[in-house]
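The values are calculated or read from the model by the stated rules, or taken from the named source; none is laboratory data. Predicted model only: the values in this text are computed from it and were never measured. Every residue, glycine among them, receives a Cβ derived from its backbone with ideal geometry; neighbour counts consider all protein chains shown. Side chains are part of the model used for accessible areas, which takes the heavy atoms of the whole protein and leaves out ligands, DNA and RNA. Shrake-Rupley method; radii C 1.70, N 1.55, O 1.52, S 1.80 Å.
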Amino acid sequence: MSFVEYSDLIRDGDVAIVYLGHESMMHVKVKQGAQTQTRYGVIRHSSDLIGRRYGSKVTCSKGGWVYVLHPTPELWTVTLPHRTQILYTTDIATITMMLELKPGCVVCESGTGSGSLSHAILRSVAPTGHLHTVEFHQQRAEKAAEEFKEHGVDGLVTVRNQDVCKDGFGVSGVADAVFLDIPSPWEAVRHAKAAMKRQGGRVCSFSPCIEQVQRTCEALAEEGFEEISTLEVLLRVHDVRTVYLPLPDFGADLSAQTDDDDAAAPTETKPQTPVALKTTTLPREMQGHTGYLTFATKPRT
């Protein structure tokens, strides 16, 4: 099993996603003889998972059922164990597009955190690219390295436990793109520039506060970066529902009436049968600001 290569069958040692509903999913480490408890009953790994195809409908001990899905970066984002605040798919999609990531790219990232963005980057740069990710916290760095190995992507990533603001990324002149998600990204801008290739590249900084953005933009300009821009991605999901509305009665068509019709007594109008229509409603509560994304381009030298 690998997060960047699809497998047909569930095997012992795989990480699988148990889909209970659109808003309810969980990841499980498949292990011979193990069991997983869900609200629909117990899933027995030996008989219910191992050897079955990914995407199978599995019946639990209470008669309810779930789907067992192959892991993807998107599914991992909504099921991973949180060690830090993470980036979600809305921002991740914008980051991977604006950094122009593609197979073969070399990317530097700081900090690794819970690895939500890291998995999306690895899927984008596989099979020939590489991710150099730096995490200041030792235990988080060790856990991230352990997960990358468990997910079959350890050959595509190098995890370093160091302070990127002081020690940089541990590489120079190799990166096509750099991503910063640290409290003081302006202190790492010069290291980002040093890690990037001479022929240019893109850098992105994620910050929740506008004061951080201001200082980062100043540092980027001082280091000669161009095309500096900041954007904010806001997601508003519309709820689709069915409503029943009566057809309006506009009365008789007077233009088609004859003289005899004019003399006829008016007829009573029958009540109209309501018609089912699909419409959308805005959410009562909306998850708004996540953070500001600042992008810049290193000029070709």
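The listed residues are GLY64, GLY33, GLY41, GLY55, and the only one of them that is in contact with a Lys or Arg (Cβ under 8 Å, 6 or more places away or on another chain), without any contact (Cβ under 8 Å) to a residue 60 or more places away in the chain and on the phi > 0 side of the Ramachandran plot turns out to be GLY41.
Yes/no per residue for (1) closer than 26 Å to HIS137 by Cα; (2) modelled with pLDDT under 95; (3) among the β-branched types (Val, Ile, Thr):
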site: HIS45; (1), (2), (3): no, no, no
site: GLY55; (1), (2), (3): no, no, no
site: VAL58; (1), (2), (3): no, no, yes
site: SER61; (1), (2), (3): no, yes, no
site: THR72; (1), (2), (3): yes, no, yes
site: THR79; (1), (2), (3): yes, no, yes
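Would you mind stating whether GLY173 is more than 25 Å from PRO73 (Cα to Cα) and in a loop (DSSP other than H, G, I, E, B)? Yes, satisfied. Listed conditions (1) in contact (Cβ under 8 Å) with a residue 60 or more places away in the chain; (2) open to solvent by 10 Å² or more (accessible area, probe 1.4 Å); (3) touching a helix residue (DSSP H, G or I) at 6+ places or on another chain (Cβ under 7 Å); (4) closer than 23 Å to TRP186 by Cβ are all met by ILE86, apart from (1). Among the strands (runs of 3 or more DSSP E) confined to region 217-301, the ones with at least 1 residues that are within 30 Å of GLU187 (Cα to Cα) and at pLDDT 70 or above are located at 226-231, 292-298. Taken together, the criteria place THR112 among residues that are crowded, with 23+ Cβ neighbours inside 10 Å, closer than 16 Å to HIS82 by Cα and of a type in the set (Val, Ile, Thr). Annotation: of all residues in region 127-152 being in contact with a Phe, Trp or Tyr (Cβ under 7 Å, 6 or more places away or on another chain) and over 22 Å from ARG202 (Cβ atoms), the one that is surrounded by the most Cβ atoms within 10 Å (Cβ to Cβ) is HIS151. Within region 1-23, the set of residues being within 18 Å of VAL66 (Cα to Cα) and open to solvent by less than 30 Å² (accessible area, probe 1.4 Å) comprises ILE10, ASP14, VAL15, ALA16, ILE17, VAL18, LEU20, GLY21.
Considering region 1-19, the residues that are at pLDDT below 95 and not in a loop (DSSP other than H, G, I, E, B) include one that is nearest to VAL78 (Cα to Cα), namely SER2.
When the residues of region 153-174 are filtered to those that are exposed (fewer than 15 other Cβ atoms within 10 Å of the Cβ) and small (Gly, Ala, Ser), the one that is nearest to GLY104 (Cα to Cα) is GLY155. Evaluation of LYS62 against the conditions (1) of a type in the set (Lys, Arg); (2) in a helix (DSSP H, G or I); (3) surrounded by fewer than 16 Cβ atoms within 10 Å (Cβ to Cβ) shows that the sole unmet condition is (2). For TYR40, the conditions (1) under 24 Å from ARG202 (Cβ atoms); (2) modelled with pLDDT under 95; (3) open to solvent by 60 Å² or more (accessible area, probe 1.4 Å) are fulfilled apart from (1).
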